[in-house]
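I have placed the structure first, in the form of structure tokens, so that the comments after it can refer back to it.
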Amino acid sequence: MEAPKPTAEAIILHNITKRFPGVLANDRVSLHVKAGEIHAVCGENGAGKSTLMKILYGMIPYDEGEMFVDGKKTRFRSPKDAIAAGIGMVHQHFMLADNLTVLENIILGEEPAGRLGRLNFKQARDRINTLGKAYGLEVDLDEPISELGIGERQRVEIIKALFRGARILILDEPTSVLVPHEVEELFRNMREMVSRGETIIFIDHKLEEVLEIAERITVLRAGRAVGTVKPDDVTKRDLAEMMVGSELPAPGAKTTRPSSQTSLRVDNLSILDSEEREVLAGVSLDVHKGEILGVAGVEGNGQQELVEALLGIIPAIGGKVILEDEDISGWTVRARREAGIGYIPEDRHRRGLLLPAPLWENAMLGHQGMPPFSKRGFWLNISGARRKATECVEGFDVRTPSINVAAHALSGGNQQKLIIGREMVMNPRLLIAAHPTRGIDVGAQAAVWEGLRKAREEGLAVLLISADLDELIGLSDRLLVIYRGRIVAELDPETVTPHELGAHMTGVETTDQGDAGSIGTGDAGSTGTAGLITAPA
């Protein structure tokens, strides 16, 4: 097949092939992106999306194929080359320095120089303010990044790319940590950019968002492009089948009711951060056997501190943690884990896995002092560890040729299934699941949801923390909202909408009715009332 003749299209990738040792990441992938359009790229984890975008952004070289940018054949050796060609990229994990201001982050590496080589901050401010007004991306340039919310940080990343002259913008999973109104704002910004001639490549797992915002959608599967479609011509089900060969998963109906027996009770828990600021303020909640208690909140409102306090990673300045009938408030992390607290961390790479280590070693992390992984609590039982790892891999459909494979060789979805399997085979009394489906595709998402449903039906108590509002609403028996370190509302998953939930998460719903820290300690099976209370600002 002959290469297409260069046209007015902003991007043409033709028969791009990229090989890694033992892996064919991109297999003759072709992608045509028209100038001035929003073009979505979808696919499972491991389908080749990230590799293709890293090639386009100059982060890795391709082995075969051709690349055209604005009709000109090119090959980038580094992101610097891509930026010079007008391509910018906003990564899923933001590349911002928390200790610098918005202005300093935007100009970092592109500092405008005045006379005698001195920084011209006025010129930078004027240019950034002009960009912000033109694209609806106004930000406070003097605010420290550490004080910004997720949506504001994302705006800074986009302005940073535009400041560097980007006309073609790659957005990698930009909505993964946004609440509904922030997604709407992002989409308004994207449409404004396109109306002014920019081109956007949009990487996303949320198919309803893809169908809403994209003008065309290219689907990758197993390293190949399986088709490019228009949103008006397909449904979510069609896209899911293109991506994974099966129907779009849903959290599903609840078939059992929670027990009246409490597995976890948290009473008036308070936490200070390193600067002596209260990040959890008198939080109380309970989780019953056979119940999934969902906790919703914009990131940075105390969810991480709540999880770390329950695990014993950080100390509390007040309050109690009761596991069934035992006060474990003063227990170590190891003692709490051995007492039956399972944990799915929000960042599987930083907190959940040793990426260079084989699967059989990863399958015992957090449990290595317990049988069958150890003998007498001191000696490693390799045969027992390998046996349990095999049980985990087979029982939770972790797709790997061997338990000797290093964890980094697995796709994100299979890494997540390994972590969930590792926790579940140890028969925990309580499972803390923090963002269990973040960054995984619809196929792996369905497997995780099924695992949580099955655990619930078998009587396990699950504390679910997630930024996916459909996941929270679909899986939870009760829903709590955390805002500025307080539990501010208990909502009914049967009646609340994502937009209503998002309003509580951002403090838009404000009905001050007293101590917001004491919600969520009712009888098992109670659903609460949507819009009950919210915390004071």
Problem set entry | Beta bridge orientation in the chain: antiparallel %, DSSP, nearest 5 | 55
Exercise. Once fully extended, how much extra length lies between residue 499 and residue 391, figured as 0.36 nm per residue of separation less the alpha-carbon to alpha-carbon distance?
Worked result: 34.8 nm
Exercise. Can you list, largest first and rounded to whole Å, the semi-axes you get for region 50-125 by taking the square root of 5 times each eigenvalue of its Cα gyration tensor?
Worked result: 30, 17, 9
Exercise. How far apart, in nm, are two points set 7 Å out from the Cα along the Cα-to-Cβ line at residue 122 and at residue 91?
Worked result: 3.6
For this session: State the extension gain, in nm to one decimal, for the chain segment bounded by residue 274 and residue 84, taking 0.36 nm per residue of separation less the distance between their alpha-carbons.
Result: 64.3 nm
Problem set entry | Percentage of interatomic Cα-Cα distances in region 91-196 larger than 23 Å | 24
Problem set entry | At q = 0.09 Å⁻¹, base-10 log of I(q)/I(0) for the chain (Debye sum, equal scatterers on each alpha carbon) | -0.72
For this session: Calculate, in nm to one decimal, what residue 233 and residue 75 gain on full extension: separation in residues at 0.36 nm each, minus their alpha carbon distance.
Result: 53.5 nm
For this session: In whole Hz, with x marking every Gly and Pro, tabulate ³J(HN,Hα) for region 61-71 from phi via Karplus 6.51 cos²θ - 1.76 cosθ + 1.60, θ = phi - 60°.
Result: x, 9, 8, 9, x, 9, 10, 10, 10, 6, x
For this session: Excluding residues fewer than 8 places away in the same chain, name every one of the lysines whose C-alpha is closer than 16 Å to that of residue 80.
Result: 54, 160
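By count of other Cβ within 10 Å, fewest leading, how are 448, 23, 194, 462 ordered?
Ascending number of Cβ neighbours within 10 Å: 23, 194, 448, 462.
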Problem set entry | Dipole moment magnitude, nearest 20 debye, the chain about Cα centre, only Lys, Arg, Asp, Glu C-beta charged | 2180
Exercise. In region 1-73, what is the volume of the convex hull around the alpha carbon atoms, normalised per residue and reported in Å³?
Worked result: 93
Seminar exercise, completed: With -39,500 (n - 2.57) per DSSP H segment of 4 or more residues and division by the full residue count of the chain, the 222 nm estimate, nearest 500 deg cm²/dmol, is -8500 deg cm²/dmol
Exercise. Kirkwood hydrodynamic radius of region 126-254 from all distinct Cα pairs, in Å?
Worked result: 16.4
Exercise. So how far, in whole Å, is the C-alpha centre of region 360-397 from the one of region 179-236?
Worked result: 43
Exercise. How would you rank 58-65, 399-406, highest first, on the average number of other Cβ atoms within 10 Å across their residues?
Worked result: 58-65, 399-406
Problem set entry | Hull shadow area, averaged, region 317-380 [alpha-carbon convex hull, nm²] | 5.9
Seminar exercise, completed: Restricting to aspartates and glutamates and to Cα separations under 16 Å from residue 230, and discarding same-chain partners fewer than 8 apart, the set is 37, 204, 208, 209, 212, 215, 238, 241
Exercise. Using alpha carbon coordinates only, what is the Rg to Rh ratio of region 11-244, with Rh defined as the Kirkwood radius?
Worked result: 0.98
Problem set entry | Net charge dipole size for region 11-244 [Lys, Arg +1 and Asp, Glu -1 on Cβ; Debye, nearest 20] | 1060
Problem set entry | Distance between modelled label sites at residue 19 and residue 138, nm, 7 Å Cα→Cβ extension | 5.5
For this session: Would you mind computing Rg(Cα) / (2.2 N^0.38 Å) for region 145-196, counting N as its residues?
Result: 1.12
For this session: Taking the convex hull of the Cα atoms, report for region 350-426 its projected area averaged over all directions, in nm².
Result: 4.5
Problem set entry | Sorted peptide list for 275-281, 182-188, criterion being average Cβ within 10 angstrom, highest first | 182-188, 275-281
For this session: Please identify which residues in region 394-418 have an amide N closer than 20 Å to a label point set 7 Å out from the Cα of residue 457, following the Cα→Cβ vector.
Result: 394-398, 417
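Every read-out reported here was derived from the displayed coordinates using simple, explicitly stated rules and does not represent laboratory data. Since we're looking at a predicted model, the values are computed, not measured. Heads up, the Cβs are rebuilt from the backbone with ideal geometry, glycines too, and the neighbour counts pull from every protein chain shown.
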